[in-house]
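Engineer: Sharing a structure here in C-alpha cells format.
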Amino acid sequence: MSCNPAIGGQGKGQLVKDLDVLGGLMPVAADETGIQFRRLNTKKGPAVWSSRAQSDKNQYALFMQRKLANVPNLTLVEGEVVDIRSQRDGGYLLTLGSGEETIARSVVLTVGTFLRGLMHVGPHQQPGGRFGDGFSGSLSESLQKHFGIEWRRFKTGTPPRLDAASIDWSSVEAQSGDEIPSPFSLWSSGAKNKIKCYLTHTHSEVHACIEKNIDRSPLFNGQITSVGPRYCPSIEDKVMRFGERTRHQIFLEPEGLDTPSVYVNGLSTSLPSDIQETIVSMIPGLYSARFLRYGYAVEYDCIDPCVLTRGLRHKHYSGLYFAGQVNGTSGYEEAASQGFVAGLAASCELRGEESLLLERSQSYIGVLIDDLTKLGALEPYRMFTSRCEYRMSVREDNADIRLAHVSKKYGLLSSEQLQYLQERIHVKQLLKQKTLGMAAGSHSYVMLSRMITHDQMSMDEWIPIARQELLSDGTFNEGSGILENLFVEVKYQGYLEKEQKTIAKLHRLGGLKIPETFSYEQIKGLSSEARHRLLRERPATVEHAKKLFGVTPADILVLLRALNALDKRPLQP
Ligand SMILES: Cc1cc2nc3c(=O)[nH]c(=O)nc-3n(C[C@H](O)[C@H](O)[C@H](O)COP(=O)(O)OP(=O)(O)OC[C@H]3O[C@@H](n4cnc5c(N)ncnc54)[C@H](O)[C@@H]3O)c2cc1C
C-alpha cells in the first residue's frame, strides 16, 4: 500500500465486491486485516452505496505475501526486470538486474509508479517509485526500443505520516466505524472495527502560509510538469484552486494496530519539509506533532491504454499485457481489477480460449476497461459511481447475481464456493418473487413488501424484522446482505425494470444501420468529441459506433433517438 491504507470507497467498493465473486484476493485481505469499516453514501440511493475499509498496512502486505507463497504452481522470483525482447519463435526473453534470464510465453507488466520514478520533496529530488524503494530505470527504454512503446508522464502524491503519540487526540473529532460493519467478502471471517479515526481542519492561516510559499512547491514552480490526479489533489492545489474555501478536512487515520504511524488524509503535498512542518504545526490537534515521514510527489512513466485490447494486451504483440497504474489509472482497486482482467486474458490466450469481455452493464470492471481502452487516460483515472451509466443495476449487493456465471465458466472459484453462490442466488430470487407476490406469499411477505413500497421504514429498521420473518432457519447467517438486496430490488423495481429495458434495447439495436450521409451535425445532445469521431469514422452500424473512441453510451442513446426520428419508424434492427 504505497499511499492510503484503505480499500474501497466511492465506485471502488463496487470493484472490490465484484472481485470477490471473481475469486480475487483483495476483498478477503481487506476484511482479514481491516481495522475500520464504513459504508459511504448510505444517506443517498443504493446506486451509490460504497464500502470502504481501512486496513492494517503491515498486516495487509503480510497477508498477501503468505497467500501468494501458498498458491500451487506459482513460483515467485525477486528481481528487477531490466530488459524485455521478443523471441524469434514466440514468447519473451526477460533479463533481470542480476543478469539472470528467463523466458515467458506471456508477460503482464504491473510496474506501478516505478518506471523512471522520481520523488519530490520541495527542491529535493530522488529516483524511486515510492518511499523506501528503488526505481526502474532501464525498462522504459527497453520497451520503447523493442516494442515502440510511447511513454507519458503522470504524477501522484502522498501526505506526511505523523507519530500517534505526538498528536493531541482530545482536540480532534472522533470518527467511528459503522455500528454493524459489513465485510467485502463472502469468504472471509467477517469485519470488525478496531480503531477510531479522527477529523481536524485546516484554516485561513494555514492557507496563507501555503500561498506565501507556493513558489517553493514543485507543482507550482515548474519542477513537476506531469499530470496529477484531479480527484486527489495536493493541499497546495486545493488552496490555490478553491481560494474561497476557509478550511479543508484533514482525516487522521492510524496505519495499523502495532505502528505509531498516522496517515494525514487530505494533506498530500510536495512542499519542502520545513513548510510541511510549519503548516502541520498550525493545525488543531497537530501543534506538537512529530513527523515520521514527509509528504512527497512522484512522477512516473505510463502508457496510453488505447494501445491495449479489452483484455489489456498490446494490440500489436500477442502475450504482452499491461495492468495497473502503468496504464494511467490511480488506486489499488483499479489496479487489482486490471490485474484480474489481464491475468485471465493471458491465461486464456495461452490455452487458445476466448477471454472474458465484461460489459459496462455487467460490472464496474467492464466500465473501467471500456473507458481506458476506448477513451484513454489523459490524467490519472479514478473510478466513480458516476462513470457507470447503469449504476442502478450494477450495485454492490448483487455482484453474485451478475458475476457467478462468469466464475463458473472460467473456473475462478472452488466448487464449494460456487455451490454456496448458487444457493444464495436461489434464496434471493425466491424471496424477491414471494415479496413481490409473484409466488404464493404468506401474510408476512405481503406485510414486508408493503413496508418497503409504502416507504414506511428505512432499510435499517426493516432488516431486523425481515430477518426474523424470512431467514429464521439460520442457513444464511450473513442475512443482511441478502435482505439488503431484497429491499433494494423491491423498492426500486420500477427503475430497475426500466434500466434493464434500456440495456436490452442497446444490445438489440446494435445492428441498426446508419445511412452513409447521416448528418451528425444536426443531432442535438451529442458530445462534441462523439460528433467529431462519428463524422470522421462514419460507422456503418450502431454497434460500430459504440466501439468508437470517445463515443459514450449516453451518445449512443442520443444517436438512436435521432435515427428513430429520421426514419419515423419504431426502433427495430
Ligand atoms: C506516493 C504515492 C501516492 C499515491 N497516492 C494515491 C492516491 O492518493 N490515491 C490512489 O488511489 N492511489 C494512489 N497511489 C497509487 C496506488 O499506490 C497505486 O494505484 C497502486 O499501488 C497501483 O498498483 P500497481 O499494482 O499498478 O503498482 P504498484 O503497487 O506500484 O506495484 C508495482 C510493483 O512492481 C514492481 N516493479 C516495478 N518495476 C519493476 C521491474 N522493472 N522489475 C520488477 N518489478 C518491478 C515494484 O517493485 C512494485 O512491487 C499512490 C502511489 C504512490 C507511490
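Engineer: Would you point out the residue of the stretch 78-96, among those that are farther than 19 Å from Leu115 by Cβ, touching a residue at least 12 places away in the same chain (Cβ under 8 Å) and outside any strand (DSSP E or B), that is farthest from the ligand (Cβ to nearest atom)?
Structural biologist: Across the stretch 78-96, the extreme among qualifying residues is Gly90.
Engineer: Taking the conditions exactly as written (farther than 24 Å from Leu308 by Cβ, part of a loop (DSSP other than H, G, I, E, B) and among the small types (Gly, Ala, Ser)), does Gly99 satisfy them or not?
Structural biologist: When the stated conditions are applied, Gly99 passes them.
Engineer: Taking Glu461 as the residue in question, decide whether it is farther than 25 Å from Lys43 by Cα and exposed (fewer than 14 other Cβ atoms within 10 Å of the Cβ).
Structural biologist: Answer is no for this residue.
Engineer: Counting only residues that are small (Gly, Ala, Ser) and farther than 19 Å from Leu506 by Cα, which one in the stretch 353-379 is nearest to the ligand (Cβ to nearest atom)?
Structural biologist: Ala377
Engineer: Go through the stretch 1-56 and report how many residues are part of a strand (DSSP E or B) and within 23 Å of Glu484 (Cα to Cα).
Structural biologist: 13
Engineer: With (1) surrounded by 22 or more Cβ atoms within 10 Å (Cβ to Cβ); (2) among the polar types (S, T, N, Q); (3) assigned to a helix (DSSP H, G or I); (4) more than 16 Å from the ligand (Cβ to nearest atom) as the list, and Gln59 as the residue in question, which single condition is left unmet?
Structural biologist: (1)
Engineer: Same structure again: From the list Glu521, Glu516, pick out the single residue that is assigned to a helix (DSSP H, G or I), of a type in the set (Asp, Glu) and more than 22 Å from Asp370 (Cβ to Cβ).
Structural biologist: Glu521
Engineer: Take the residues in the stretch 11-39 that are more than 21 Å from Val341 (Cβ to Cβ) and touching a helix residue (DSSP H, G or I) at 6+ places or on another chain (Cβ under 7 Å); name whichever of them is farthest from the ligand (Cβ to nearest atom).
Structural biologist: Ranking the qualifying residues of the stretch 11-39, first place goes to Glu32.
Engineer: Could you tell me which numbered condition Arg153 fails, if it satisfies all but one of (1) under 25 Å from the mean Cα position of the chain (by Cα); (2) more than 12 Å from the ligand (Cβ to nearest atom); (3) surrounded by fewer than 18 Cβ atoms within 10 Å (Cβ to Cβ); (4) closer than 29 Å to Gly24 by Cα?
Structural biologist: (4)
Engineer: Something else about it: Restricting attention to the stretch 175-220, report how many residues are closer than 29 Å to Thr246 by Cα and hydrophobic (A, V, I, L, M, F, W, C).
Structural biologist: 9
Engineer: Enumerate the pairs (first residue in the stretch 333-349 and in a helix (DSSP H, G or I); second residue anywhere and of a type in the set (Asp, Glu)) with beta-carbon separation below 8 Å, excluding pairs fewer than 6 apart on the same chain, so at least 6 apart or on different chains.
Structural biologist: Within 8 Å, the pairs are Ser337/Asp18; Cys348/Glu354.
Engineer: Going residue by residue through the stretch 158-176, is there one that turns out to be touching an Asp or Glu at 6+ places or on another chain (Cβ under 6 Å), under 27 Å from Val82 (Cβ atoms) and within 16 Å of the ligand (Cβ to nearest atom)?
Structural biologist: No: zero hits.
Engineer: Taking the condition within 16 Å of the ligand (Cβ to nearest atom) and at pLDDT below 90, does Arg382 pass?
Structural biologist: The answer is no for Arg382.
Engineer: Sticking with this structure for a sec: Restricting attention to the stretch 525-537, which residues are touching a residue at least 24 places away in the same chain (Cβ under 8 Å) and either part of a loop (DSSP other than H, G, I, E, B) or of a type in the set (Gly, Ala, Ser) (or both)?
Structural biologist: If the condition is that a residue be touching a residue at least 24 places away in the same chain (Cβ under 8 Å) and either part of a loop (DSSP other than H, G, I, E, B) or of a type in the set (Gly, Ala, Ser) (or both), then Gly525, Leu526, Ser527, Ala530 are the ones that fit.
Engineer: Same structure, new question: For the stretch 193-232, give me the residue count where each residue is of a type outside the set (Ser, Thr, Tyr), within 16 Å of the ligand (Cβ to nearest atom) and touching a helix residue (DSSP H, G or I) at 6+ places or on another chain (Cβ under 7 Å).
Structural biologist: Going through the stretch 193-232 one residue at a time, the tally reaches 1.
Engineer: Same structure, new question: Of all residues in the stretch 350-367, how many are out of contact with any Leu (no Cβ under 8 Å at 6 or more places or on another chain), assigned to a helix (DSSP H, G or I) and within 29 Å of Ala47 (Cα to Cα)?
Structural biologist: Residues in the stretch 350-367 being out of contact with any Leu (no Cβ under 8 Å at 6 or more places or on another chain), assigned to a helix (DSSP H, G or I) and within 29 Å of Ala47 (Cα to Cα): 1 in total.
Engineer: Which of the following residues is among the aromatic types (Phe, Trp, Tyr), out of contact with any Lys or Arg (no Cβ under 6 Å at 6 or more places or on another chain) and farther than 30 Å from Phe322 by Cβ: Trp151, Trp169?
Structural biologist: Result of the check over Trp151, Trp169: Trp169.
Engineer: Determine, yes or no, whether Gln223 is touching a His at 6+ places or on another chain (Cβ under 7 Å), over 28 Å from Glu179 (Cβ atoms) and surrounded by fewer than 20 Cβ atoms within 10 Å (Cβ to Cβ).
Structural biologist: Yes.
Engineer: Quick one: is Ala6 surrounded by 15 or more Cβ atoms within 10 Å (Cβ to Cβ), away from the ligand (no atom under 12 Å from the Cβ) and in contact (Cβ under 8 Å) with a residue 12 or more places away in the chain?
Structural biologist: no
Engineer: A further question follows. Scan the stretch 106-119 and give yes if some residue there is surrounded by fewer than 19 Cβ atoms within 10 Å (Cβ to Cβ), more than 14 Å from the ligand (Cβ to nearest atom) and more than 16 Å from Gln223 (Cα to Cα), otherwise no.
Structural biologist: Scanning the stretch 106-119, I find at least one residue that is surrounded by fewer than 19 Cβ atoms within 10 Å (Cβ to Cβ), more than 14 Å from the ligand (Cβ to nearest atom) and more than 16 Å from Gln223 (Cα to Cα), so the answer is yes.
The values are calculated or read from the model by the stated rules, or taken from the named source; none is laboratory data. Worth saying up front: this structure is predicted, and the values here are computed from it rather than measured. Positions of Cβ are generated from backbone atoms using ideal geometry, with glycine treated the same way; all protein chains shown enter the neighbour counts.
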